[in-house]
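Peer 1: One structure follows; several queries about it will come next.
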Amino acid sequence: MATGPAVSSALETIGRHHLECSICQERYQQPKILECLHNFCEQCLLKYCSTKHEGSTAIPCPVCRQETKLPEVGVQGLKTNFHLIGLVEELELQEKIVGSGDACLLCDVCEGGNEATQRCLDCGQYMCSVCSRMHLRFAATSNHKVAPLKDIREGKVTVTKKHQKQHPKCLIHEGEVARFFCTTCDMLICRDCTVVNHCKPEHSYIERDEATSTYKQSLVQLFPPLENTITELQKSREKVSRTKEDLAKTERM
């Protein structure tokens with residue numbers, strides 16, 4: 001089995017040679033695919049177009065110079081390479097686990113700075129013991145598999161991203177990723193929706209990740225009272241069970 005330093009070196013090599021944008025020399029951020037199949041960060045292409053090809057309907061690839069015709073909405077309309085995004089996320093996950101060693105990872109759910117002791121293998125969240133129990137009590141996540149970080153670091157549990165980060169699709173425009181959340185209609189929408197049937201100023205929308213963060217904070221605030229309620233219900237259930245047992249004994253006397 002590969003040692004910690006060997007694994008770290010392998011991860012560094014993969015990241016440097018295969019998952020870095022040739023413009024910014026950093027890990028891909030929202031990579032866009034050109035017709036030549038070269039990939040570049042969305043922001044890098046936006047800057048490239050604004051400085052060298054402002055107003056052009058086609059741009060030459062910064063690497064091979066083959067031209068790519070731009071969609072009407074520009075660089076943002078180019079296809080996003082979700083495969084690369086998944087690889088970057090997978091690499092960063094492995095780096096985080098291998099590099100953390102005995103260091104303390106904080107819970108992704110609560111805001112109390114609690115140490116994470118568990119990780120959900122389905123949605124990828126690092127959680128403290130309290131949040132991991134709550135995670136398995138919600139109907140939507142009750143079938144998720146949660147593993148101790150200790151077992152993950154020791155290689156007893158295999159961690160993968162293959163079931164994570166499934167990008168939601170737009171319900172109206174087939175094949176389009178729902179990257180925004182319309183706060184007016186309370187629904188996920190795609191880029192086409194923002195210029196067709198969810199236009200400003202009649203509609204207000206935000207990035208999907210921002211909406212997720214906002215609603216996540218609202219859910220976190222519900223955890224403490226829910227935990228207390230569950231505890232009280234368990235006590236009441238135990239009390240009822242004891243009462244039933246006492247009644248049964250009395251009837252037999």
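The values are calculated or read from the model by the stated rules, or taken from the named source; none is laboratory data. On a predicted model such as this, the values are computed, not experimentally measured, just so you know. Reconstructed Cβ throughout: ideal geometry from the backbone, glycine too, with neighbour counts over all protein chains shown.
Peer 1: If you take the residues of the range 179-201 that are touching an Asp or Glu at 6+ places or on another chain (Cβ under 9 Å) and part of a helix (DSSP H, G or I), which of them is farthest from Gln76 (Cα to Cα)?
Peer 2: Applying the filter and picking the extreme gives Cys193.
Peer 1: Is it true that some residue in the range 95-114 is at pLDDT 80 or above, crowded, with 17+ Cβ neighbours inside 10 Å and of a type in the set (A, V, I, L, M)?
Peer 2: Yes: one or more hits.
Peer 1: Out of the residues in the range 47-83 that are part of a strand (DSSP E or B) and not basic (Lys, Arg), state the one that is nearest to Leu19 (Cα to Cα). Walk me through how you get there before you give the answer.
Peer 2: Of the residues in the range 47-83, the ones part of a strand (DSSP E or B) are 58-60, 67-69, 80.
Then drop every residue that is not not basic (Lys, Arg), which leaves 58-60, 67-68, 80.
Details: Ala58: 25, Ile59: 22, Pro60: 21, Glu67: 23, Thr68: 21, Thr80: 14 Å.
The selected residue is Thr80.
Peer 1: Further question: Looking at the range 63-78, can you tell me whether even one residue there is surrounded by fewer than 17 Cβ atoms within 10 Å (Cβ to Cβ), modelled with pLDDT under 95 and in contact with a His (Cβ under 6 Å, 6 or more places away or on another chain)?
Peer 2: yes
Peer 1: Scan the range 45-57 residue by residue and report those that are more than 19 Å from Thr80 (Cβ to Cβ) and either modelled with pLDDT of 90 or more or among the polar types (S, T, N, Q) (or both). Explain how you work it out, then say what you get.
Peer 2: Initial filter on the range 45-57 (more than 19 Å from Thr80 (Cβ to Cβ)): 50-57.
Across the range 45-57, the qualifying residues are Ser50, Thr51, Ser56, Thr57.
Peer 1: Of the residues Ser213, Ser142, only one is at pLDDT 75 or above and either surrounded by 10 or more Cβ atoms within 10 Å (Cβ to Cβ) or farther than 28 Å from Met127 by Cα (or both); which?
Peer 2: After applying the criteria, what remains is Ser213.
Peer 1: For the list (1) crowded, with 16+ Cβ neighbours inside 10 Å; (2) under 18 Å from Glu207 (Cβ atoms); (3) without any contact (Cβ under 8 Å) to a residue 40 or more places away in the chain, I need the number of the one condition that Gln30 fails.
Peer 2: (3)
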